[in-house]
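Colleague: I am attaching a structure below and will ask some questions about it afterwards.
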Amino acid sequence: MNKKITLLLLALLVSVLPTSANDSNKKYFFKTTVTASGAGKVYASTSKDSTPEYQENIVVEPESQEATSAPTVDIYLWAAPETGKEVRWTTEDSNITITVDSLEQNRAIASVTGLTESADNHITANFVNQQVKAPLIEGADGKTIFWPSLQVTITAQEGATIYYTLDGSDPTTTSPVYTEPITLTDTTTVKAYATAEGWVDSEVSVDSFYLVKPEGFITLGATSASAFIGTEGTVPVIETSHPGLVWTSSDPEIVEVEAETGVYKALALGEATLTATLAEGTDFTAATATFRVRVITPKYQVENSDFEQWDDAGTANQEPAHWNSFQHASGKMADIVKAQQVVQSEDVRPGSEGTASVCIYARSVMGLATAQGNLTTGCINGGSMSASDGSGNYNYSNVDDPDFHQVFNGLPDSLRVWVKYQPGDASTKGKVSAKLHTYGYYQDPYANLDKIGQTQNVARVEIAVDATGDEWVELTVPVEYDITDGTRPGVALISLATCNVPGGGSSSDKMFVDDLSFVYNSELTAVVVKGDTLSVAGNSLQVDAEYDAELVEFVTNARAASVESSYDEDTAVLTVTVKGDDISEETENQHVYTIQFSLSTGIAATSRPSTTTIYDLTGRKVQQMQRGGIYIIGGKKVIR
């Protein structure tokens, strides 16, 4: 190659090669003087772990560096203020950034950006008086809302003087000096600051306290009740904020109420709202509460409990009248769960006078899950894909719709039902459940229910039904009472299911149900005479004592039977009639007993005599008085 051309190529190659880094480096300097201003000393170092030697002025000069752009080095700063002082780090050099230690103000880091000239940077540690901490303003027990008065305390560091105001203005040294707790009787904004010799005055603390009269309240044990014409009741008041409760009725012709006591009496069929009012008092605002009373004709059994009446009989939509299955389900899964799982059956229990029973059966859902059979006097809610989710899947009483609740007012002693249960798995059990609750919304089960408290469960029955094969079995189970003060239910929520475990069972489970009824006992089991309990066997009883109405008590086997008695003085026989709670519907549900007491003898027996019965002085009863005789009539001596 031509030598001249070669030299030209070499020159060109050199011209495109990168320039050496050293060719563009500059030299940077970091010299920094740290000065103490005030009562204290400082120390500075490029080493974080060095041991400070405090001086008035420190010069730190890290080694200069060569770089293409300005580098940064950290200088570690310490300060040693005298007692009562604190340090405030400052600099006027824009190429210095100071970061103060958040936990220890005496420490800081200065990030110094290098300069191209050997100039002197400056950092100053200004030692100033420490600031008094802002006072703490506190209401008694931490209250900021109070009635009718509140003591407020203000505290600051030991030795400080506290100045405060109560009118919203900022305090000064001419403001009142805090010496003892302040009593507030009105809404007030308290401001305070503290001073101490040799210290910087504190910031102003502010807190507001509000005078608010508490809201009055009336707490009732229930919000509604059912009553029968002629019966009385008392609104269950648990607690009131202050005295002075006054009751009124929205319709006194249906329900009248005593203004001061809340005792009400049902006068006619219908509904009335009783309103309790508390006028505003010294310590509470006014308050009201309402209690709804429904006056009804009592019902002691649920409708169509023998399953003889059917809606849409013979169709794919058939259901027992007054009962509901999945055909009328509600909830977001209603369209999915709506399927026929109940059918009218001619297979009736032994001795039945009817021609029909109900057959409830389970089914398979796409071969993935089992939908157990379910029939209720309320409504089925399908709200969850998980069958065991009680917050979405439940039966409920909807009192706003007569088709989805059954009125019920009795206080039964047991539930009787005939069942024939044929589960696909021998370990599966069916279910018969009754929840007798006060009038209002209720669901079973009631997991996650925000309406709990609006109604109360008065009584319940839970029956786990074992397999019976092809045989009908009669089951009678006692009713358990959750409320024992005589409160009557307003609705019966009865549920029949092919499995007693939500989501359990198999798709071949089947249960027949017939003649479901509540039983009301009406038998006398014992008589208590002068504290002695005498058992009753049969319909008569002999008592070796004279009759005293105040010392005789009756014991029955019923939750709510009525007992009537009449005494014949001539024979000393007490006739006792026990009537079942459902006597108005079942007039034959009563038992009559006779109790023979000892006949009265002697004048002493006339201490509580009849005003017409005549006794001679020997205590014998006579038909008429003879002239010249002395007799006892009505406990008084009479001379003929």
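The values are calculated or read from the model by the stated rules, or taken from the named source; none is laboratory data. All figures in this text were calculated on a predicted structure; none of them were measured in a lab. Backbone-built Cβ (ideal geometry, glycine too); neighbour counts: all protein chains shown.
Colleague: If you take the residues in region 402-443 that are under 27 Å from the mean Cα position of the chain (by Cα) and under 18 Å from residue 511 (Cβ atoms), which one is surrounded by the most Cβ atoms within 10 Å (Cβ to Cβ)?
Modeller: Here the answer is 434.
Colleague: Same structure, new question: Suppose we filter region 269-312 for residues that are under 30 Å from residue 146 (Cβ atoms) and assigned to a loop (DSSP other than H, G, I, E, B); how many remain? Explain how you work it out, then say what you get.
Modeller: Residues of region 269-312 that are under 30 Å from residue 146 (Cβ atoms), as a first pass: 276-289.
Subsequent filtering for residues that are assigned to a loop (DSSP other than H, G, I, E, B) retains 279-286.
Looking only at that region, the number is 8.
Colleague: Which residues, counting only those in region 74-94, are crowded, with 16+ Cβ neighbours inside 10 Å and of a type in the set (S, T, N, Q)?
Modeller: Across region 74-94, the qualifying residue is only 91.
Colleague: Right, here's the next one. Restricting the search to region 79-98, which residues are under 12 Å from residue 123 (Cβ atoms) and part of a strand (DSSP E or B)?
Modeller: Initially, region 79-98 is screened for residues under 12 Å from residue 123 (Cβ atoms), giving 79, 87-93, 95-98.
Across region 79-98, the qualifying residues are 79, 87, 88, 89, 90, 96, 97, 98.
Colleague: Please state which one of 248, 223, 277 is more than 26 Å from residue 403 (Cβ to Cβ) and either in the same structural domain as residue 190 (by TED's automatic domain parsing) or surrounded by 16 or more Cβ atoms within 10 Å (Cβ to Cβ) (or both). Before the answer, list the steps.
Modeller: Working: 248 fails: either in the same structural domain as residue 190 (by TED's automatic domain parsing) or surrounded by 16 or more Cβ atoms within 10 Å (Cβ to Cβ) (or both); 223 fails: more than 26 Å from residue 403 (Cβ to Cβ).
Being more than 26 Å from residue 403 (Cβ to Cβ) and either in the same structural domain as residue 190 (by TED's automatic domain parsing) or surrounded by 16 or more Cβ atoms within 10 Å (Cβ to Cβ) (or both) holds for just one of 248, 223, 277, which is 277.
Colleague: List every residue pair whose Cβ atoms lie under 7 Å apart, where the two residues are 6 or more positions apart in sequence or sit on different chains, the first residue falls within region 94-121 and is without any contact (Cβ under 8 Å) to a residue 12 or more places away in the chain and in the same structural domain as residue 32 (by TED's automatic domain parsing), and the second residue, located anywhere, is surrounded by 15 or more Cβ atoms within 10 Å (Cβ to Cβ) and of a type in the set (Lys, Arg).
Modeller: Once the first residue is without any contact (Cβ under 8 Å) to a residue 12 or more places away in the chain and in the same structural domain as residue 32 (by TED's automatic domain parsing) and sits in region 94-121, its partners that are surrounded by 15 or more Cβ atoms within 10 Å (Cβ to Cβ) and of a type in the set (Lys, Arg) give 101/107.
Colleague: Now a separate question. Looking only at region 55-73, filter to residues that are assigned to a loop (DSSP other than H, G, I, E, B), touching a Lys or Arg at 6+ places or on another chain (Cβ under 8 Å) and of a type in the set (D, E, K, R); which one of those is surrounded by the fewest Cβ atoms within 10 Å (Cβ to Cβ)?
Modeller: By that ranking, first place goes to 56.
Colleague: Any residue at all in region 552-572 that is within 48 Å of the chain's Cα centre (by Cα), under 26 Å from residue 304 (Cα atoms), in a strand (DSSP E or B) and not assigned by TED's automatic domain parsing to the domain that holds residue 478?
Modeller: We begin by selecting, within region 552-572, every residue within 48 Å of the chain's Cα centre (by Cα); these are 552-565.
Right, trim to under 26 Å from residue 304 (Cα atoms) and you get 558-561.
Remaining after also requiring in a strand (DSSP E or B): none.
No, every residue in region 552-572 fails to be within 48 Å of the chain's Cα centre (by Cα), under 26 Å from residue 304 (Cα atoms), in a strand (DSSP E or B) and not assigned by TED's automatic domain parsing to the domain that holds residue 478.
Colleague: Looking at this structure, is residue 256 in a strand (DSSP E or B) and without any contact (Cβ under 8 Å) to a residue 12 or more places away in the chain?
Modeller: Numbers: in a strand (DSSP E or B): yes; without any contact (Cβ under 8 Å) to a residue 12 or more places away in the chain: yes.
So residue 256 fits the description; yes.
Colleague: For region 556-574, which positions are under 30 Å from residue 481 (Cβ atoms) and surrounded by fewer than 16 Cβ atoms within 10 Å (Cβ to Cβ)?
Modeller: 557, 562, 564, 565
Colleague: Quickly run through region 205-230 and pick out the residues that are modelled with pLDDT under 95 and in a loop (DSSP other than H, G, I, E, B).
Modeller: 221, 222, 223, 228, 229, 230
Colleague: Step by step: first the residues of region 232-245, then only those that are among the β-branched types (Val, Ile, Thr) and surrounded by 15 or more Cβ atoms within 10 Å (Cβ to Cβ), then the one that is nearest to residue 275 (Cα to Cα). Which residue is that? Outline the logic, then answer.
Modeller: Initial filter on region 232-245 (among the β-branched types (Val, Ile, Thr)): 234-235, 237-238, 240.
Filter once more, keeping what is surrounded by 15 or more Cβ atoms within 10 Å (Cβ to Cβ): 235, 237, 240.
Values: 235: 10, 237: 12, 240: 14 Å.
Here the answer is 235.
Colleague: Where the second residue is among the polar types (S, T, N, Q) and the first is part of a loop (DSSP other than H, G, I, E, B) and lies in region 394-418, which pairs have Cβ atoms under 6 Å and are six or more apart or on separate chains?
Modeller: Every condition considered, the pairs that remain are 405/397; 405/398; 406/377; 409/226; 413/521.
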